[in-house]
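Some notes on the structure that comes next.
Read-outs throughout are calculated quantities, based only on the coordinates presented, and are distinct from any laboratory measurement. None of these values were measured; they are calculated from a predicted model.
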Amino acid sequence: MVEYETILVEQRGRVGWITLNRPQALNALNGTVSEEVADAASGFDADDGIGAIVVTGSEKAFAAGADIKEMESKTAEEMIATDHFGAWTRFAAVRTPVIAAVSGYALGGGCELAMMCDIILAADTAVFGQPEVNLGVIPGMGGTQRLIRAVGYYKAAELILSGRRVKADEAERIGLVSRMVPASDLLDEATRLAETIASKSLPSVYAAKATLDAAMETSLADGLAVEKREFAALFDTADQKEGMAAFREKRPPRFQHR
Ligand code: CAA
């Protein structure tokens with residue numbers, strides 16, 4: 001496994017783990033972190049021995065945002081020319097399901113990184129927010145777009161315009177997180193969920209994620225067309241035959257691609 005500077009990467013069974021590891025900066029997301037996370041996630045994505053990815057941070061911080069000190073002196077020209085957050089587009093494009101296991105601060109880019117994942121598990125200690133207006137900027141890693149899709153316009157607008165932070169219970173109530181769990185259970189719960197997903201047929205999981213992604217990006221009619229196509233295509237897989245035969249024969253399925 002590749003050695004990284006700012007993240008820890010580990011394969012446990014069919015689950016790939018990426019742990020942000022810049023404790024001195026509360027896992028602030030600098031250029032090295034973004035490149036390393038995108039690289040590790042792409043590596044897991046290319047490996048059909050991996051059926052789910054978990055991204056996590058420390059107890060105190062999932063990530064306290066993009067690295068403010070790295071950005072402070074940049075010019076607009078530099079931000080555009082270097083596509084400052086471009087690596088995150090590669091991360092968000094992986095086809096393997098990604099679970100964010102969030103404990104502590106998930107602010108700014110940290111909240112946006114969680115929202116690039118498919119499922120957000122939050123410890124009851126988690127705190128989410130888009131505080132960029134306090135810095136004279138706006139969310140720049142997808143927050144203005146993904147937060148609205150998660151919680152609706154009025155809640156997103158309140159949070160982005162005021163910079164107000166929300167604790168895990170409110171985040172769960174408004175639909176920003178999939179599920180809140182006691183902090184002491186977070187990693188066990190992430191493991192259980194990731195292993196469950198990784199035990200399914202990979203082609204059907206990829207198809208489900210692609211179809212969910214389409215719902216975020218297209219009209220209802222276009223999204224339904226994607227669903228129709230993905231659903232039909234699965235009937236050419238051995239796993240569909242196996243899954244349905246197993247149901248008829250009242251036994252657990254033995255998927256080939258898992
Ligand atoms: N960038 C760079 N360094 C950061 C950081 C960040 N986003 N967040 C924390 N750190 C650093 C601090 O500077 C500090 O380092 P030093 O000891 O060298 O000074 C260290 O991490 C510990 O932080 P604090 O001493 O501030 O810890 P705290 O417990 O008192 O406060 C906090 C925690 C409330 C999260 C506070 O650190 C904070 O407000 N951080 C910034 C949050 C923020 O504004 N995030 C948005 C960033 S912009 C962005 O993300 C743009 C985008 O859309 C992509």
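Looking at segment 83-216 only, what percent of DSSP beta bridges run antiparallel? Nearest 5 please.
Numbers: 2 of 12 bridges.
Percent antiparallel among DSSP bridges in segment 83-216 is about 15.
When the Karplus curve 6.51 cos²θ - 1.76 cosθ + 1.60 is applied with θ = phi - 60°, which whole-Hz ³J(HN,Hα) does each residue of segment 168-185 get, with x for Gly and Pro?
Once θ is set to phi - 60°, the couplings for segment 168-185 become 4, 5, 5, 4, 5, 4, 8, x, 7, 10, 6, 7, 9, 9, x, 3, 5, 9 Hz.
As a test, work out the antiparallel percent of DSSP beta bridges whose residues both lie in the chain, rounded to the nearest 5.
Values: 8 of 30 bridges.
Around 25 percent of the beta bridges assigned by DSSP in the chain are antiparallel ones.
Non-local amide H neighbours of residue 57 (under 5 Å, H modeled in plane, Pro and chain starts lacking H): which ones?
Placed amide hydrogens put 20, 103 under 5 Å from residue 57.
Which of 24, 11, 145 ends up with the largest GNM mean-square fluctuation for the chain, with Cα atoms connected below 10 Å?
Highest fluctuation of the listed residues: 24.
How large is log10 I(q)/I(0) at q = 0.23, 0.24 Å⁻¹ when the Debye formula is applied to the Cα atoms of segment 71-180, each weighted equally and without solvent?
With no solvent term, the Cα-only Debye profile gives -1.30, -1.37.
Mind putting together the pair-distance distribution for the chain? All Cα pairs, 10 Å bins, whole percent per bin, short to long.
All Cα pairs considered, the percentages come to 7, 29, 35, 21, 7, 1, 0.
Straight-line reach only, C-alpha to C-alpha below 20 angstrom: list the aspartates and glutamates that residue 74 could link to, leaving out same-chain residues fewer than 8 apart.
35, 83, 132
Would you calculate, for the chain, the mean residue ellipticity at 222 nm contributed by helices, counting each DSSP H stretch of 4 or more residues as -39,500 (n - 2.57) and dividing by all residues, to the nearest 500?
On the way: 12 runs with 119 residues, N = 258.
Using -39500 (n - 2.57) per qualifying helix, the result is -13500 deg cm²/dmol.
How high is the relative contact order of segment 8-111, in percent, with contacts defined as C-alpha pairs under 8 Å that are six or more residues apart?
Values: 179 pairs, mean separation 38.0, N = 104.
Averaging sequence separation for qualifying contacts and normalising by length gives 37 percent for segment 8-111.
Give me a comma-separated list of calculated 3J(HN,Hα) values for segment 230-246, in order, Karplus coefficients 6.51, -1.76, 1.60 applied at θ = phi - 60°, integers in Hz, x for any Gly or Pro.
After applying 6.51 cos²θ - 1.76 cosθ + 1.60, I find 5, 4, 4, 4, 5, 6, 9, 9, 5, 5, 5, 5, 5, x, 6, 5, 4 Hz.
Return the long-range amide H neighbours of residue 7 (sequence gap of 5 or more, or a different chain), with a cut-off of under 5 Å between placed amide H atoms.
21
Would you please report the Å³ per residue occupied by the convex hull of the alpha carbon atoms in segment 79-133? Don't skip to the end; give the middle numbers.
On the way: hull volume 4.0 nm³, N = 55.
Considering the Cα atoms of segment 79-133, their hull volume per residue is 73 Å³.
Can you tell me, using C-alpha contacts under 8 Å and at least 6 residues apart, the relative contact order of segment 77-224 as a whole percent? Walk me through the numbers before you get to the answer.
Numbers: 207 pairs, mean separation 36.9, N = 148.
After rounding, I find 25 percent.
Percent antiparallel among DSSP beta bridges with both residues in segment 1-94, to the nearest 5? Show your work: numbers first, answer last.
Numbers: 6 of 12 bridges.
Here the antiparallel bridges make up roughly 50 percent for segment 1-94.
Just need log10 I(q)/I(0) for segment 152-258 at q = 0.11, 0.17, 0.23 Å⁻¹, Debye formula, equal scatterers on the alpha-carbon atoms, no solvent, rounded to two decimals.
The computed values of log10 I(q)/I(0) come out as -0.58, -1.01, -1.15.
Using Cα springs under 10 Å in a Gaussian network model of the chain, which residue among 131, 203, 182 shows the largest mean-square fluctuation?
Among 131, 203, 182, the largest GNM mean-square fluctuation belongs to 182.
Could you work out the relative contact order of the chain, using alpha carbon pairs under 8 angstrom and six or more residues apart, expressed as a whole percent?
Working: 466 pairs, mean separation 42.1, N = 258.
Over the chain, the number comes to 16 percent.
HN-Hα J couplings of segment 142-151 from phi, Karplus 6.51/-1.76/1.60, θ = phi - 60°, integer Hz, Gly and Pro as x?
3J(HN,Hα) across segment 142-151, in whole Hz: x, x, 5, 8, 6, 5, 4, 5, 7, 10.
Calculate how steeply helix 153-162 sits against the longest principal axis of the alpha-carbon atoms of the chain, using the helix alpha-carbon long axis, and give the answer as 0 to 90 degrees to the nearest 10.
30 degrees
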